[in-house]
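Asker: Structure in C-alpha cells, see below.
The values are calculated or read from the model by the stated rules, or taken from the named source; none is laboratory data. What you are looking at is a predicted structure, and each value in this text was computed from that prediction instead of being measured. We place every Cβ from the backbone using ideal geometry, glycine too, and count neighbours over all the protein chains shown. Just the protein is used for accessible areas: all its heavy atoms, side chains included, with ligands, DNA and RNA removed. Shrake-Rupley method; radii C 1.70, N 1.55, O 1.52, S 1.80 Å.
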Amino acid sequence: MSTIVQPGLLRSDDVSLTNFSENVPRVTAQRVYDVRNGAQQDDWRQGVKNLQRVVRDAEADGQPLRAMGTAWSFSPCAMTDGYAVNVLPLSRVLQVWSAGDLEDPSELGAVVLAQAGARVGAVNDFLMSKARSLRTMGGRGGQTIGGAALTGSHGSQIDQRPIPDQIRGVHLIGRGGESLWIEAASRPLVTAAWAQREGMELVRDDDLLNAVVVSVGCFGLVHAV
C-alpha cells in the first residue's frame, strides 16, 4: 500500500524490484518513491520539490538512493535494497523558455527541456510535431530519455551523435536537495536570470556536463535534460 508523503509524492515500503526483461535477480527495496508533478502533471516545479524531498529523506535515514525509469537495462545497476525513486511519472516535454531566457534567442524552438521520465519515443513524437527529431537513438523508443542518456545509449549510426552528445544542459538535484543547472561554458544555453528565477544554481563547465550526462546517476537525481 502506498502512502502520500506530499502532493505528487507516494511512498511504498518493501517493494520487489527487477529489470524490464526480468532476467536479473529480484531485490527488495526498503522504500520506493513514485514522483509526480503537481496539479494533474501540469506543475513541473512540484515535481522538482518532490525529488528534493526524496534526496533529503534518504540522506536523513542514511540510505542509498537509486533512480529508476523503465529499468530497460540488462544490468542490475539500478537495483538497491535501500531507497529507490521511480521517475517514470515525470514524463513531460516542458515548454518553459521564452527567447529572453536563452543566451541565444534564435535557439528558441531548437531546444526542448524533457523531464527524465519521458520516453525517448515520446520526446521524438513531440519533436516531430515541430518538424524536428533526435539525431539518433537506440534500437527502441521505450527507454526514458534520462536513462538512455545517463547510461550512454547509442544507435548503430556511427556518423551521428548518440543521445548524450545531444544534451545541452542537465537539471540535477544533488546533496541536500540542491538544485543545479549544469551546461557547457563553451556553449551556454540559459541565462543566469532564468536559472535564478527557477531556484537553480547555474554551473557552466564543459567537463562537468560531459561527466554528468553519462554518470549513471552518480551525481544525483536528474530532473530534466
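Asker: Against the conditions (1) in contact with a strand residue (DSSP E or B) (Cβ under 9 Å, 6 or more places away or on another chain); (2) among the aliphatic types (A, V, I, L, M); (3) open to solvent by 10 Å² or more (accessible area, probe 1.4 Å), where does Val170 fall short? Just the number, please.
Answerer: (3)
Asker: Among the residues of segment 156-176 satisfying the criterion of being part of a loop (DSSP other than H, G, I, E, B) and under 20 Å from the mean Cα position of the chain (by Cα), which is nearest to Ser106 (Cα to Cα)? Let's see the steps before the verdict.
Answerer: As a first pass, look at segment 156-176 and keep what is part of a loop (DSSP other than H, G, I, E, B): 156-162, 167-168, 174.
From what is left, the residues that are under 20 Å from the mean Cα position of the chain (by Cα) are 161-162, 167-168, 174.
Numbers: Arg161: 22, Pro162: 24, Ile167: 18, Arg168: 15, Gly174: 31 Å.
Looking at the filtered set, the residue picked out is Arg168.
Asker: Additional query: Please go through segment 28-41 and pick out each residue that is on the phi < 0 side of the Ramachandran plot and not aliphatic (A, V, I, L, M).
Answerer: Keep residues of segment 28-41 that are on the phi < 0 side of the Ramachandran plot, which gives 28-38.
Hits for segment 28-41 are Thr28, Gln30, Arg31, Tyr33, Asp34, Arg36, Asn37, Gly38.
Asker: Can I ask one more? Out of all the residues in segment 140-150, is one or more out of contact with any Gly (no Cβ under 9 Å at 6 or more places or on another chain) and at pLDDT below 90? Spell out the reasoning first.
Answerer: Of the residues in segment 140-150, the ones out of contact with any Gly (no Cβ under 9 Å at 6 or more places or on another chain) are 149.
This time we only want the ones that are at pLDDT below 90, so: 149.
Looking through segment 140-150, at least one residue is out of contact with any Gly (no Cβ under 9 Å at 6 or more places or on another chain) and at pLDDT below 90.
Asker: Restricting to segment 60-85, what's the tally of residues that are open to solvent by less than 30 Å² (accessible area, probe 1.4 Å), part of a strand (DSSP E or B) and aliphatic (A, V, I, L, M)? Outline the logic, then answer.
Answerer: If we filter segment 60-85 for residues that are open to solvent by less than 30 Å² (accessible area, probe 1.4 Å), which is where we start, we get 68-71, 78-80, 82-85.
From what is left, the residues that are part of a strand (DSSP E or B) are 68, 83-85.
This time we only want the ones that are aliphatic (A, V, I, L, M), so: 68, 84-85.
Counting residues in segment 60-85 that are open to solvent by less than 30 Å² (accessible area, probe 1.4 Å), part of a strand (DSSP E or B) and aliphatic (A, V, I, L, M) gives 3.
Asker: For a quick check of your reading of the model, give me the residue pairs whose first member lies in segment 110-137 and is part of a loop (DSSP other than H, G, I, E, B), whose second is open to solvent by 70 Å² or more (accessible area, probe 1.4 Å), with beta-carbon atoms closer than 6 Å and at least 6 apart or on different chains.
Answerer: That search, which allows pairs on different chains as well, returns Arg135/Gln160; Arg135/Arg161; Thr136/Gln157; Thr136/Gln160.
Listed here are the residues, each with its yes/no results for (1) without any contact (Cβ under 8 Å) to a residue 40 or more places away in the chain; (2) out of contact with any Ser or Thr (no Cβ under 9 Å at 6 or more places or on another chain).
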residue: Leu172; (1), (2): no, no
residue: Arg175; (1), (2): no, yes
residue: Leu202; (1), (2): yes, no
residue: Leu208; (1), (2): yes, yes
residue: Val214; (1), (2): no, no
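Asker: Kindly indicate whether any position in segment 42-59 is of a type outside the set (Asp, Glu), in contact (Cβ under 8 Å) with a residue 24 or more places away in the chain, open to solvent by 20 Å² or more (accessible area, probe 1.4 Å) and on the phi > 0 side of the Ramachandran plot.
Answerer: Scanning segment 42-59, I find no residue that is of a type outside the set (Asp, Glu), in contact (Cβ under 8 Å) with a residue 24 or more places away in the chain, open to solvent by 20 Å² or more (accessible area, probe 1.4 Å) and on the phi > 0 side of the Ramachandran plot, so the answer is no.
Asker: Looking at segment 177-193, which of its residues are open to solvent by 20 Å² or more (accessible area, probe 1.4 Å), assigned to a loop (DSSP other than H, G, I, E, B) and of a type in the set (A, V, I, L, M)?
Answerer: Within segment 177-193, just Ala185 meets the criteria.
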